[in-house]
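Shown next, in structure tokens, is the structure this report addresses.
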Amino acid sequence: MPRTRPSRELQPLEAVAGNGLLHRRAFLSGGAAFAAAVTGYTLSDTAAAQGLADEPSSRKAGVPVQEYGTPSPYEKQVVRTLSNPKAEPRTQHGRTPHHLLNGTLTPNGLHFVISHSGNPDIDPARHRLAIHGMVRRPLVFTLDTLARYPMVSRMAFVECGGNSAPLFSNEPLQASIQAIHGLVSCSEWTGVMLSTLIEEAGIDPKAKWIIAEGADSLALSRSVPIAKALDDAMVALYQNGERIMPGNGYPMRLLLPGWEGNMNVKYLRRLKLVDQPMMSYYEARTYAPILPGGKAYQFYFLQEVKSFITHPSPGLRLAGPGFYEISGIAYSGNGRIAKVMVSADGGRTWAQAALQEPVLSKAFTRFRVPWRWDGGPVVLQSRAWDEGGNVQPTRAEVIAKRGQTAKPVTNPLGFPSQHYNGPTSWAVDKAGEVKNVYA
Amino acid sequence: MSTREAVRRRAGATVLVLVVLGSAALAQSPNLGTPVTEADLAAWDISVLPDGTGLPVGSGTPEQGAKVFAAKCALCHGPEAKGGSAASLVGGRPLTDGIDTPKTIANFWPYATTLFDFTRRAMPWQAPRTLTNEEVYALTAYILSLNRIIGPSDAMNAQTLPKVRMPNRDGLIPRFPERMP
């Protein structure tokens, strides 16, 4: 007997939370119910109603294939936003356009970049990695020798400690998700486990930290506990299958899955085992957020569990009432994402989101919830849990511990503090416009 | 086969097994790194630790530092380090003014060794690692003196610098103490 498509009358989608959030079963049951939802609730004004004709582009031979492909010219708006495009002598930021991407992997050209003194132009044949200090025998590696080592590949997000910083503003700043959350990206990284290399050098039992240093003009340095180095740290050579992008550390970077982006030292050229942290500029000053009362956190290490909704988000106007997919990204420096809940009524009622498999440790997990928007004002919010039982705190909980600014933040590219992992709330008005609010 | 011969053979086999295991253990790691000496790495080994480890020979006074600063730093950091296109290196509001208080050497940096280390490795912006160790000591002394953290004639060197107590020395708290080595 042929399988028939259930009508929406036979299998109505179950509303599970306020303002039209539907059961994630719509995705889990293989799409039939999902199709019914779309059929039932999208506008009837479709292209099909107008009759289809061959487009001119389909009636001639196409353009030549490129040696290195670039996206369609129709995707020109899908780019990073640059904080310092003329490369004045200060830090440059390139932010990932999460609202224009989907899935869990960031294309290499769109991976966020923070370059404190520009991307160095490194000849890979001349690059060296030295391991020394409290080791039995100091060693130097070339890229060619490292390429002969057993390699591993893993997905891992990298997030700047300052990502999401505008949410420390005492009043919500109106900016795109790219400005607010654009300093996190996720790639598949391939390289040599750091433990292999430092064990070959022979670790002095008195060594407690490793100073990692880059070959950039600032010789950027961070201190990393040996325990992390021996756990899952990698000397990464490849990013999404190709050599690491210049902005992300070509020809090699330290990858510390789940840990503060700046510690994942790019252009890695030196690892020195020592018995105390170096208190480098970036760990004793820059990435040490001030607390209410005047003390400051240091050695934050972890990028804690976080999630945000990418679709919809500011700039993605809803075209009218009907069916939409709410989707976003969740991740935790502590491991796998266990659960994401989504609210459309500012946190009063919640629907559990479907998690896109595979759910990987310390990597982006895409979550999705089917939604039937009735055209009224709503406030969308997501909240994530990780496998260690850590839950994304509410904004009130973050602010109680970490404070907020006394005056509204006006520059979306500034960093009033760091390590915000509370929720993001998007208000959708009757016109379908999306704004950043606190709820 | 005599008993003695069997024992000898077994002993030989044991030796052989040990040899094989030994080389297998080595073979598990490729060992392709080139051994070097610390002397070979001296030009790269510029990190200075809070206890003074890594500080080079040399010395400098605030007065000497003022001259170096005017010649090599004031272009960006302004006359007397009061700020220009790059940050002011003098003064700073109390950290109790808010979580977004600008961090300065005087109000935030917990260790004076960081000032020497960062100046030596990263400054001047357009020509990093061109200052002599004497110049870096002198600049460090000048900046610390401008902030009244040391006296106007205090020389900074490998002995004195680690002993400088910065105003915010006890102001930083590890976020996850259990993860600290």
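Data table
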quantity: Segment A:73-88: number of residues that are touching a residue at least 24 places away in the same chain (Cβ under 8 Å) and closer than 20 Å to residue A:160 by Cβ; calculated: 5
quantity: Qualifying residues in segment A:141-156 (those that are assigned to a strand (DSSP E or B) and closer than 15 Å to residue B:29 by Cα) - the one nearest to the other protein chains (Cβ to nearest Cβ); calculated: A:141
quantity: When residues of segment A:181-219 are limited to those that are in contact (Cβ under 8 Å) with a residue 60 or more places away in the chain and among the polar types (S, T, N, Q), the one nearest to residue A:266 (Cα to Cα); calculated: A:217
quantity: Filtered residues of segment A:88-131 (kept if more than 13 Å from residue A:185 (Cα to Cα) and among the polar types (S, T, N, Q)); calculated: A:91, A:92, A:115, A:117, A:119
quantity: Answer residue from segment B:151-181, given it is surrounded by fewer than 20 Cβ atoms within 10 Å (Cβ to Cβ), among the hydrophobic types (A, V, I, L, M, F, W, C) and touching a Ser or Thr at 6+ places or on another chain (Cβ under 9 Å) and is nearest to the other protein chains (Cβ to nearest Cβ) among those; calculated: B:164
quantity: Complete set of residues in segment B:154-180 that are more than 28 Å from residue B:132 (Cβ to Cβ), outside any loop (DSSP other than H, G, I, E, B) and either touching a residue at least 40 places away in the same chain (Cβ under 8 Å) or of a type in the set (Ser, Thr, Tyr) (or both); calculated: B:172
quantity: Residue list for segment A:318-351, filter: on the phi > 0 side of the Ramachandran plot and assigned to a loop (DSSP other than H, G, I, E, B); calculated: A:320, A:346, A:347
quantity: Considering residues of segment A:389-437 that are surrounded by 20 or more Cβ atoms within 10 Å (Cβ to Cβ) and in contact with a strand residue (DSSP E or B) (Cβ under 6 Å, 6 or more places away or on another chain) only, the residue farthest from residue A:177 (Cα to Cα); calculated: A:392
quantity: Failed item, numbered, when residue A:297 is tested on (1) in a strand (DSSP E or B); (2) crowded, with 22+ Cβ neighbours inside 10 Å; calculated: (2)
quantity: Residue B:122 vs. criteria within 25 Å of residue A:209 (Cα to Cα) and at pLDDT 95 or above; calculated: yes
quantity: Some residue of segment A:295-307 being closer than 17 Å to residue B:176 by Cα, free of Cβ contacts under 8 Å to residues at least 12 places away in the same chain and within 11 Å of another protein chain (Cβ to nearest Cβ); calculated: yes
quantity: Unmet requirement for residue B:148, which otherwise passes all of (1) within 12 Å of chain A (Cβ to nearest Cβ); (2) over 21 Å from residue A:296 (Cα atoms); calculated: (1)
quantity: Any chance residue A:292 is in a loop (DSSP other than H, G, I, E, B) and away from chain B (no Cβ under 14 Å); calculated: no
quantity: Of all residues in segment A:99-134 being facing chain B (nearest Cβ under 10 Å) and at negative phi, the one that is surrounded by the fewest Cβ atoms within 10 Å (Cβ to Cβ); calculated: A:128
quantity: Looking only at segment A:300-317, and only at residues there that are in a loop (DSSP other than H, G, I, E, B) and hydrophobic (A, V, I, L, M, F, W, C), the one that is nearest to residue A:226 (Cα to Cα); calculated: A:301
quantity: Members of segment A:335-349 that are closer than 12 Å to residue A:379 by Cα and either without any contact (Cβ under 8 Å) to a residue 24 or more places away in the chain or not hydroxyl-bearing (Ser, Thr, Tyr) (or both); calculated: A:342, A:344, A:345, A:346, A:347, A:348
quantity: Residue list for segment B:75-107, restricted to those being within 30 Å of residue B:43 (Cα to Cα), facing another protein chain (nearest Cβ under 9 Å) and surrounded by 22 or more Cβ atoms within 10 Å (Cβ to Cβ); calculated: B:105
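The values are calculated or read from the model by the stated rules, or taken from the named source; none is laboratory data. The shown structure was predicted, so the numbers you read here are calculated from the model rather than taken from an experiment. Cβ: placed from backbone, ideal geometry, glycine included. Neighbour counts: every protein chain shown.
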